[in-house]
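Engineer: Handing you this structure, nothing more for now.
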Amino acid sequence: MNSSFLYHAFGVKGYHYHATAYKDSAIFLKLKSDTPKKCKCPHCDSEKVIKYGKQYRDIHNLPIGGKQTYLSVLHRNGVMPASCRASRRSLK
Ligand SMILES: [Zn+2]
């Protein structure tokens, strides 16, 4: 499965196919971003984010051949740095 198929079949842009998983009679198409972005603080754009892993988020998709399908997108987790002004405000 290539990026062109993902776009024309599901309208997915900016991701490429990584793997397929089958679980409980459902199909999970695992996708990764074409441009892996660095974790940034949403408040100050600092890249000094405390990273704590990554996980797949499952997006419900149209069925294929009568089977439930999901687009699993890799997501990186992070916490704002202690030096961020926004995180200091939230502690008060
Ligand atoms: Zn910040």
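Engineer: Using the Karplus equation 6.51 cos²θ - 1.76 cosθ + 1.60 (θ = phi - 60°), what ³J(HN,Hα) coupling, rounded to whole Hz, does each residue of segment 64-74 give in order, writing x for Gly and Pro?
Structural biologist: 10, x, x, 9, 5, 10, 9, 9, 9, 9, 6
Engineer: Right, here's the next one. Under a cut-off of 30 Å between alpha-carbon atoms, report the lysines in cross-link reach of residue 30, not counting same-chain residues fewer than 8 places apart.
Structural biologist: Once the sequence-local lysines are set aside, what remains near residue 30 is 13, 38, 40, 48, 51, 54, 67.
Engineer: Another question, if that's okay. Length gain on complete extension for the stretch residue 67 to residue 47, per 0.36 nm per residue less the alpha carbon to alpha carbon distance? The partial results should precede the final answer.
Structural biologist: Working: separation 20, 0.36 × 20 = 7.20 nm, distance 4.04 nm.
Using 0.36 nm per residue and subtracting the Cα-Cα distance, I get 3.2 nm.
Every number in this text was worked out from the coordinates using simple rules, so none of it is lab data. Nothing here was measured: the structure is a model prediction, and the numbers come from that model.
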